[in-house]
Amino acid sequence: MKKTVLKVNIHCQKCKKEVLKAVTKLTGINQVTIDGEKETLTVVGDVDPVLITEAVRKIGKVAEIVSVGPPKPPEPKSPVKNPLPPWCYDYCQLVPVSHAPYDSAPCSIL
């Protein structure tokens with residue numbers, strides 16, 4: 001698996017759509033992102049960077065390879081700790097709670 005970054009002349013939404021359509025036809029792609037401001041196409045997967053460049057050039061866009069390397073590993077998510085209830089000093093009172101087993105006798109409400 002590798003991350004390939006290409007510089008592509010992308011000027012509008014139509015250009016983005018055409019490039020995405022051309023690149024996603026290739027096999028072995030896990031993720032495709034386009035940055036319109038930087039005019040970059042990033043492809044992550046097991047696909048040859050030359051094939052990506054050829055697919056983009058077939059639709060009439062100028063493409064050049066900027067970098068090829070391993071993708072960034074996903075950042076480990078830190079476990080969310082449940083906050084403890086607030087500590088109460090002299091405010092709390094103990095409240096007795098009991099449970100009576102249910103008899104099978106019918107209920108009566110008075």
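Tabulated values for the structure
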read-out: Residue under evaluation residue 55, criteria (1) surrounded by 15 or more Cβ atoms within 10 Å (Cβ to Cβ); (2) in contact (Cβ under 8 Å) with a residue 40 or more places away in the chain; (3) farther than 23 Å from residue 73 by Cα, criterion not met; value: (2)
read-out: Verdict on residue 32 being part of a helix (DSSP H, G or I) and at pLDDT 85 or above; value: no
read-out: Residues of region 58-70 that turn out to be open to solvent by less than 40 Å² (accessible area, probe 1.4 Å) and out of contact with any Leu (no Cβ under 8 Å at 6 or more places or on another chain), as a count; value: 2
read-out: Enumeration of residues in region 39-52 that are open to solvent by less than 60 Å² (accessible area, probe 1.4 Å), in a helix (DSSP H, G or I) and β-branched (Val, Ile, Thr); value: 52
read-out: Residue count for region 3-38, restricted to those that are farther than 16 Å from residue 58 by Cα and either touching a Leu at 6+ places or on another chain (Cβ under 9 Å) or surrounded by fewer than 16 Cβ atoms within 10 Å (Cβ to Cβ) (or both); value: 16
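The values are calculated or read from the model by the stated rules, or taken from the named source; none is laboratory data. Remember, predicted model here, so these are calculated numbers, not experimental data. Backbone-built Cβ (ideal geometry, glycine too); neighbour counts: all protein chains shown. Heavy atoms of the whole protein, side chains included, go into the accessibility calculation; ligands, DNA and RNA do not. Shrake-Rupley method; radii C 1.70, N 1.55, O 1.52, S 1.80 Å.
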